[in-house]
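Presented below is the structure to which this report refers.
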Amino acid sequence: MTRLIKGELFKLRTTRLPFGLFAAAAGLSALFSILEASRAGTKSVAPLSTAAGLNNVLTGGVLALLFAAVLGVTISSGEFRHETATTTYLATPKRSRVLIAKSVAGACGGAAFGFAGWLIATGVGLGFVAADGYTAQISDATLARYAAGHIAAGALMAAIGVGIGSLIRAQLAGVLGVFVWAVVIESVIGSMFNSIQPYLPYTAATTLAGSVLGGAAFGPAHGASSSASPLPFAAATALLAAIAIVISAIAARTTVVRDIS
Amino acid sequence: MAIIEARGLTKRYGHVLAVDRLSFAVERGQVAGFLGPNGAGKTTTLRMLLGLVRPEAGDAAINGRAYSDLPDPLRQVGAVLEASSFHPGRTARNHLRIEAMVAGIDAARIDVVLDLVGLSEAADRRVRGFSLGMRQRLGLATALLADPEVLILDEPANGLDPEGVRWLRDLVRGLAAEGTAVLISSHILAEVAQTVDSVIIVNHGRVVVQAPIAELTATARLEDVFLGLTANSNGV
C-alpha cells in the first residue's frame, strides 16, 4: 500500500492541474480575505478590533477547502478522462486498494490546500489588524486550532472528492457538482433548515476551520443568523470522515468494479 | 504447460454476444497471433485475460491464477492495450517512474527500457506531443519495465514505421527465445505470418481455429486462410 500511495502522490506532482488548483485556491483565499478585511467596520460588519471582525477575514481561507474537494474529484475522475485507468488497474488489479491510495494521496494534497488557505487568510487578517494599529482579539491557541481545522477539513474534503470522482467518473460533472452543492444547495438548505445546517458537509468543513455557522455560505445565506450551533471539532471531523468513507464504499461497490473497456 | 489460458470465456454487452465460450492456451516461449475481424471479440478477450472486463462465464488464468490474484502483476505480465493510456501532461519518464514505483521495480530499469524502445531522447517530453508510434513505443516500454514472462499486445504495430515494425518483430522473437509467452493481436497479417509460432483466429466471439502457423500456411497464404475462415458468419 505504501508503494501505491507514493505512486499516487507522484502522479499529483507530475501534472499541472493540481498546481493550477492550488494557485486558484490560494489566489481566491487572498482575494476574499482582503475583501472581508477591507469592508470590516463598515455598516453592520464587525471591525477588525473585535474577534468577530478578524474571524470574518479568516473565513476567506475556507474557500481552499472547496478546491481541496475539486482536487479529490480530479484525482479519481482524471483516470477516466485521460483513459489511464487501464494502466492503473493493470498495475494494481485490486481496485479498492487504488481507491484507498487515491483517498490518502488526495487527503495529503487537500491538507496542503487547507493549510495554505489558513496561512493566507491569517496573514491577511493579522496584517490588516497590525496596519490599523489594533491588537488581535483571537488568541494564538485559537489560531492554532483553526490551522488544525483547515488541515483536517482540507484533507477530508479531498477524500470526499475522491469518492465523488470515483462515483461519477465524469470530471466536469463532478467538479460542477461540488461547486453547485457547496455554493447553491448548501446555502439554500442551510438558510431554510437551520437545524440541519451544521451537518451539511461543506458547512461542517468551514466551521471545523473556524468559520461561524453560515459565515462561509454564499448569497443571501451568507452570515445569516442561525439558531443552531456548529459541530464541535471532533464531531465535525467524524462527520466528514464518515461521509468520505460512505461515498467511497458506495463507489467501491458500484462504479469502481465496472468493466474498463 | 500453458502459461496463458482462456476457458469458456463469455461476455455479452446488452444484446450483443461479444465473446462466446472462447477457449485457448499459449505455452511458454510461444508467440501466438490473436486474429479476427473488427468486432470479433479480440480486445474484450484480452481485457478479460487482464482482469479489466469481468466475464459472464468462464475464466482466464496467467501462470495458473486469475490476473487479479497475481502478486506483483507487472512483474509477470506486460500489456499494451491502447496507445492513449497515458496522461498527456506527464512526461514519458515520469509515467514509467510511477509504474516502477507502484510495482517496486528498480528505477534503473527506466533508462534501460527507454533505450530499448528508442525513446531516450524523448523521455522528458510530455506525452501530449508524442506521435502514435511514440505512444506505442512508450506502451511497450511500460510492458517491458519489469521484464515479465508474459506479454499481451493489442495491435502493437499501430503507428510504427517499417523500421519500428521490424524492430518489434525482432524484439518479440528475441523475448520468446528467452522463454517469454507472447499473445499478439494484429490486423497486419503479413507481419503476423513472419512473427508468430501459432495462430488463434476468432470470429463472432468464438475460436474458429488454433493451429501452428506452419500448418495453417502450408498450402495457402495466412491472408487467404483468415478470409476463408472469417467469411463464414457462423464460424468454422
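Tabulated data
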| read-out | value |
| --- | --- |
| Residue, most open to solvent (accessible area, probe 1.4 Å), within the range A:177-203, restricted to residues that are of a type in the set (G, A, S) and at pLDDT below 80 | A:S191 |
| Unique match (being open to solvent by 20 Å² or more (accessible area, probe 1.4 Å), farther than 25 Å from B:V113 by Cα and either at pLDDT 90 or above or not charged (D, E, K, R) (or both)) among B:V202, B:V225 | B:V225 |
| Residue in the range A:1-26 that is surrounded by the fewest Cβ atoms within 10 Å (Cβ to Cβ), counting only those that are closer than 19 Å to B:T91 by Cα and at the interface with another protein chain (Cβ under 7 Å from one of its Cβ atoms) | A:R16 |
| Among residues of the range A:93-127, those that are crowded, with 21+ Cβ neighbours inside 10 Å, within 14 Å of chain B (Cβ to nearest Cβ) and in contact with a Pro (Cβ under 8 Å, 6 or more places away or on another chain), counted | 0 |
| Given (1) open to solvent by 20 Å² or more (accessible area, probe 1.4 Å); (2) touching a strand residue (DSSP E or B) at 6+ places or on another chain (Cβ under 6 Å), number of the condition A:L90 does not satisfy | (1) |
| Checking B:G179 against (1) in a helix (DSSP H, G or I); (2) at positive phi, the condition it does not meet | (1) |
| B:G41 vs. criteria crowded, with 17+ Cβ neighbours inside 10 Å, touching a Lys or Arg at 6+ places or on another chain (Cβ under 8 Å) and in contact (Cβ under 8 Å) with a residue 40 or more places away in the chain | yes |
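The values are calculated or read from the model by the stated rules, or taken from the named source; none is laboratory data. In this text, all values refer to a predicted model and were calculated from it rather than measured experimentally. Ideal geometry is used to build each Cβ from the backbone, glycine not excepted, and the neighbour counts take in all protein chains shown. Just the protein is used for accessible areas: all its heavy atoms, side chains included, with ligands, DNA and RNA removed. Shrake-Rupley method; radii C 1.70, N 1.55, O 1.52, S 1.80 Å.
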